[in-house]
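Nothing in this text is a laboratory measurement; each read-out follows from the coordinates by a stated rule. Since we're looking at a predicted model, the values are computed, not measured. With ideal geometry, Cβ positions are generated from the backbone for all residues, glycine too; neighbour counts draw on all protein chains shown.
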Amino acid sequence: MLDKLFFKKKSPENHTFSEENIPKHVAIIMDGNGRWARKRAMPRIAGHHEGMKTVRKIVKEANKIGIEVLTLYAFSTENWKRPREEVDFLMKLPGEFLNTFLPDLIKENVQVRIMGKKELLPLHTVKAVDEAINKTKNNTGLILNFALNYGSRDEITAAVKALASEVKQGRLEPSQIDDSMIEQHLMTHDLNDPDLLIRTSGEVRLSNFMLWQLAYSEFWFTEVLWPDFSEEHLREAVSQFAGRGRRYGGV
Ligand code: FPP
């Protein structure tokens, strides 16, 4: 079935996968920036800066592979607990990333989105992402979805509140509430659930990330720290995904 091979790389591992078993939506918990910096006796923010460069590489590769949606956990609702200097730096990264790479993303037909509580972000961050969202909204290639000030429990709580309020107003019966109604109230209402979740740096937990949406996703963990994560690692994850059988609770 050589004609079916969509992508064949030239390195010894030969991660191959055909077009039909590529994950459509890949979500990544980009972890290990701090440790990457510490190993080099650098400040943590240097790790985040290097992590930003990795984002650029991985977006390009994801687009090349044919992934349709790439959701990146860039800042969680819990990350505000970090030292002020680090939070300020993390809030400047979307602006720096977009200032540097937006023209390329436009050329590559990437559509930029964010999910998370935008109203709590600094104005400069919101401005940078809004500009990118506007300038790429008609693009039809990869959807690059940044989770920024995102927390899954927050998201589910907001959905429950919205439904409760519809019940209170007499517009909805509790018995009518089902999975799809909850999904419609999540920030991912117009996206498919992730097929594949990747977490770097050896941590094996979800950290309040897409708890609802990851119910049937395949997980792929690696010890590699996010700044060291390469195109090759992404292909390895996609290739392993392609070899897994998904049963969604069936047989
Ligand atoms: C977790 O590593 C990483 C973050 C909380 C931030 C992730 C942000 C980036 C990768 C850059 C984002 C880029 C854009 C374009 C928005 P950690 O700091 O917890 O690492 P550690 O566990 O080793 O300390």
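What's the local net charge at L148, with K and R +1, D and E -1, over the other residues with C-beta under 9 Å away? All intermediate terms of the calculation are to be shown ahead of the outcome.
Working: positive: K117, K118; negative: none.
The answer is +2.
Give the dimensionless ratio obtained when the Cα radius of gyration of segment 36-147 is divided by 2.2 N^0.38 Å. Kindly include the intermediate steps, with their values, before the conclusion.
Details: Rg = 14.1 Å, N = 112, 2.2 N^0.38 = 13.2 Å.
Normalised by 2.2 N^0.38 Å, the Cα Rg of segment 36-147 equals 1.07.
Quote the charge dipole size of the chain about the Cα centre in Debye, to the nearest 20; the model charges only the Cβ of Lys and Arg (+1) and of Asp and Glu (-1).
Values: 36 positive and 35 negative charges, 130 e Å.
That gives the chain a dipole magnitude of about 620 debye.
Nearest 5 percent is fine: what portion of the DSSP beta bridges confined to the chain is antiparallel?
Working: 3 of 28 bridges.
Expressed as a percentage, antiparallel bridges in the chain total about 10.
For every helix of n ≥ 4 consecutive DSSP H residues, a contribution of -39,500 (n - 2.57) applies; sum these over the chain, divide by its total residues, and give [θ] at 222 nm rounded to the nearest 500 deg cm²/dmol. All intermediate terms of the calculation are to be shown ahead of the outcome.
Values: 7 runs with 102 residues, N = 251.
Estimated from H runs of four or more residues: -13000 deg cm²/dmol.
In segment 21-110, what is the count of Lys pairs whose alpha carbons are under 30 Å apart, counting only pairs at least 8 residues apart or on separate chains?
Qualifying lysine pairs in segment 21-110: 24.
Can you pull the Kirkwood radius for segment 170-230, inverse mean 1/r over Cα pairs, to one decimal in Å?
Numbers: mean 1/r = 0.0721 Å⁻¹.
When all Cα pairs of segment 170-230 are included, the Kirkwood radius is 13.9 Å.
How many angstrom separate the Cα center of segment 224-246 from the Cα center of segment 52-96?
First find each Cα centre; the distance between them is then 18 Å.
Can you tell me the convex hull volume per residue for the chain, based on C-alpha atoms, in Å³ to the nearest whole number?
On the way: hull volume 39.5 nm³, N = 251.
Spelled out: Cα convex hull of the chain, divided by residues, is 157 Å³.
Determine the sum of side-chain charges near L121: Lys and Arg each +1, Asp and Glu each -1, restricted to other residues whose C-beta is under 13 angstrom from that of L121.
On the way: positive: K92, K117, K118, K127; negative: D88, E119, D130.
So the environment of L121 carries a net charge of +1.
So what's the net charge close to S207: Lys and Arg +1, Asp and Glu -1, counting the other residues with Cβ under 9 Å from its Cβ?
Values: positive: R199, R205; negative: D31, E78, E203.
Within the 9 Å Cβ shell, the charges total -1.
Amide H to amide H under 5 Å from S18: which residues, 5+ apart in sequence or cross-chain, H placed 1.01 Å off N in plane?
F6
How far apart, in nm, are two points set 7 Å out from the Cα along the Cα-to-Cβ line at E131 and at T16?
4.5
Loop sites only, by DSSP: take the trypsin sites (Lys or Arg not before Pro) in the chain that have at most 13 other C-beta atoms within 10 Å and name the longest stretch containing none of them.
Values: sites that count: K10, R40, K137, R171, R205, R244, R246, R247.
It works out to 41-136.
In segment 150-251, which GluC sites (Glu not before Pro) are in a loop and have at most 15 other Cβ atoms within 10 Å, using DSSP for the loop call?
Working: sites: E155, E166, E183, E203, E218, E223, E231, E232, E236; in loops: E203, E223.
Here the GluC sites (Glu not before Pro) that fit, given the DSSP loop and packing criteria, are E203, E223.
If amide hydrogens are placed 1.01 Å from N in the peptide plane, which non-local residues have theirs closer than 5 Å to the one on E218?
Under 5 Å from the amide H of E218 lie the amide H atoms of L196, L197, each far enough along the sequence or on another chain.
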